[in-house]
There are 2 protein chains.
Amino acid sequence: MIWLDGAPSPALPLPDRGLDFGDGLFETLLLRRGQVLFAERHFERLERGLQVLGFPACLQRVKEQLEAAAAAIALRGWHWTALRLTLTRGAGPRGYAPPPQPQPRILLAAVELDRDCTQMLPAASLSLASIAWSTQPVLAGIKHLNRLEQVLAAREYSAAGSDEAVMLDQAGQVVSVVAGNVFALAGDRLLTPPLRACGIRGTRRDLVLQAWAPALGVPVAECALSVRDLEAADEVFYCNALLGVRPVARFGDRVWRRHPLCHALHEQYGRALP
Amino acid sequence: MIWLDGAPSPALPLPDRGLDFGDGLFETLLLRRGQVLFAERHFERLERGLQVLGFPACLQRVKEQLEAAAAAIALRGWHWTALRLTLTRGAGPRGYAPPPQPQPRILLAAVELDRDCTQMLPAASLSLASIAWSTQPVLAGIKHLNRLEQVLAAREYSAAGSDEAVMLDQAGQVVSVVAGNVFALAGDRLLTPPLRACGIRGTRRDLVLQAWAPALGVPVAECALSVRDLEAADEVFYCNALLGVRPVARFGDRVWRRHPLCHALHEQYGRALP
């Protein structure tokens with residue numbers, strides 16, 4: 001099911017700056033029985049992105065169209081749905097400069113998921129991506145449409161047969177996995193890389209930092225992590241909107257057999273579900 | 001006029017990875033009476049991009065569709081045409097990883113130009129972009145679809161009323177203008193920044209380096225340039241496929257009133273036209 005500006009549509013009118021330049025934003029939403037999980041956190045990130053890119057205000061329109069799509073999904077009786085929201089700056093004349101009064105386009109694409117998202121996925125095997133995140137403080141944190149680095153990293157780990165890959169920054173420090181944020185337990189402290197120069201500030205990352213780890217009494221902080229720090233960690237997991245939290249079983253030669261913290265965080269996640 | 005995979009089309013079928021992730025490449029071609037200028041240089045860059053992104057071979061298909069589009073443009077009697085060629089990795093399942101056997105889509109969008117492109121544009125006024133190019137050696141030089149930095153820089157200089165803006169790298173060295181490569185004449189040497197960590201290797205940049213400056217007996221080289229180097233230059237110009245070469249009249253407080261080298265290079269350019 002695909003909707004464009006509120007109406008079912010199988011195609012994007014051309015030209016569109018989202019295609020031409022990646023001039024837009026997206027969110028990957030998980031819905032349970034037609035209800036968007038943690039919607040406010042997605043809207044907060046979207047709002048930050050709209051400000052960075054200088055889009056006209058359109059969040060209200062997004063919310064209305066999302067509500068209508070969610071209602072249609074609920075009517076279909078889908079249990080779990082992945083819904084991609086894409087927001088582009090719309091049409092424009094030739095050239096990089098946006099039109100003075102852009103008309104953003106809102107795309108919603110829904111896919112039914114066949115797994116029970118209350119169940120934690122089995123522990124993942126990670127490789128190390130050969131491409132690093134580029135350094136760009138202006139765009140760090142937001143979820144814009146310029147995603148070639150992750151595409152190349154995903155192409156590589158798929159070919160290698162691993163489940164995910166750790167991505168570094170240009171200085172060789174750990175940033176994330178391709179589609180998620182990464183956490184490492186070092187002693188009694190849970191750590192995740194800061195995202196000042198690159199990476200995406202995930203909604204589930206913020207929930208671990210601000211809600212789920214504190215609820216367990218686990219001290220958690222942003223902290224630079226090297227590959228060696230990750231290998232030396234007592235436990236490693238990553239998170240994103242579709243997976244919740246997922247433990248890591250292997251990274252290179254390092255193997256983790258137990259994931260008590262990740263299980264406890266998954267339980268917190270489960271309690272937060274509608 | 002827009003063609004998708006060889007047929008007139010006003011829309012892009014969804015999903016498409018070009019929209020979802022900027023997973024694709026483009027070229028901006030200038031046509032004179034339906035003839036693509038310096039086509040081989042565009043194909044060379046496209047070929048490098050296809051290799052970096054790991055697309056299946058499709059250059060022959062691109063050439064055939066481009067030929068057909070050029071013939072249609074010639075039939076219309078358009079004198080000068082800007083033709084954007086966009087190549088995406090096509091449809092795919094959800095997620096960053098490309099499908100194992102992608103079916104790239106070829107989009108061609110033609111616009112008639114109303115100016116006489118044999119005439120050099122008047123000298124331009126440049127500002128300094130506040131956003132810098134991100135550092136990404138893997139993608140440097142190729143013309144992929146991840147262009148948000150240039151969009152934000154163009155938005156800024158348009159609002160400020162200048163013609164173009166100088167963009168720096170993360171270390172503060174000069175890279176380019178938003179839509180073109182930049183050259184500075186320092187004494188008798190013509191210099192342009194290397195593009196190892198960011199920027200696009202322009203077809204006209206290569207022509208200045210390899211053909212037009214050598215034909216004038218002007219020593220030309222890649223060399224790191226600071227903002228101060230640019231301000232101290234005897235002459236500054238930039239180049240791209242639609243403009244050819246364009247002299248710079250002003251950058252910040254620095255003013256240049258004469259542009260003899262740029263005029264001579266424009267004459268070389270004119271001789272190379274069909």
Would you be able to say whether some residue in the stretch B:237-244 is surrounded by fewer than 16 Cβ atoms within 10 Å (Cβ to Cβ) and under 21 Å from B:Lys143 (Cα atoms)?
no
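Run down A:Ala159, A:Ala110, A:Ala91, A:Ala165 and say which single residue is of a type outside the set (Ser, Thr, Tyr) and either more than 12 Å from every other protein chain (Cβ to nearest Cβ) or part of a loop (DSSP other than H, G, I, E, B) (or both).
A:Ala91
Are any of the residues in the stretch A:90-98 closer than 30 Å to B:Ala110 by Cα and touching a Gly at 6+ places or on another chain (Cβ under 7 Å)?
Checking the stretch A:90-98: at least one residue is closer than 30 Å to B:Ala110 by Cα and touching a Gly at 6+ places or on another chain (Cβ under 7 Å).
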Unmet criterion (only one of (1) more than 25 Å from A:Asn240 (Cα to Cα); (2) within 14 Å of another protein chain (Cβ to nearest Cβ); (3) out of contact with any Leu (no Cβ under 8 Å at 6 or more places or on another chain)) for A:Leu75
(2)
Can you name every one of the strands (runs of 3 or more DSSP E) wholly within the stretch A:182-269 that holds 2 or more residues which are touching a residue at least 60 places away in the same chain (Cβ under 8 Å) and of a type outside the set (Lys, Arg)?
A:235-240, A:244-251
Given the condition in contact (Cβ under 8 Å) with a residue 40 or more places away in the chain, of a type in the set (Lys, Arg) and closer than 29 Å to B:Thr88 by Cα, answer yes or no: does some residue in the stretch B:139-148 qualify?
yes
Matching residues in the stretch A:117-148 - criterion: being more than 7 Å from chain B (Cβ to nearest Cβ) and within 22 Å of A:His42 (Cβ to Cβ)
A:Cys117, A:Thr118, A:Met120, A:Leu121, A:Trp133, A:Ala140, A:Gly141, A:Ile142, A:Lys143
Only one of B:Ala213, B:Ala124, B:Ala186 is under 30 Å from A:Pro99 (Cα atoms) and either in the same structural domain as B:Ile106 (by TED's automatic domain parsing) or not β-branched (Val, Ile, Thr) (or both). Can you tell me which?
B:Ala124
Within the stretch B:168-206, residues being of a type in the set (Val, Ile, Thr), away from chain A (no Cβ under 14 Å) and in contact with an Asp or Glu (Cβ under 8 Å, 6 or more places away or on another chain) number 2
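So in the stretch A:1-60, with the set limited to residues that are of a type in the set (Lys, Arg) and closer than 26 Å to B:Ala153 by Cβ, which one is nearest to the other protein chains (Cβ to nearest Cβ)? Please lay out each step first, then the result.
First pass over the stretch A:1-60, keeping only residues of a type in the set (Lys, Arg): A:17, A:32-33, A:41, A:45, A:48.
With the extra rule that they be closer than 26 Å to B:Ala153 by Cβ, the set shrinks to A:17, A:45, A:48.
Values: A:Arg17: 8, A:Arg45: 16, A:Arg48: 14 Å.
Looking at the filtered set, the residue picked out is A:Arg17.
The values are calculated or read from the model by the stated rules, or taken from the named source; none is laboratory data. Predicted model, so just to flag it, every value in this text is computed and none were measured. With ideal geometry, Cβ positions are generated from the backbone for all residues, glycine too; neighbour counts draw on all protein chains shown.
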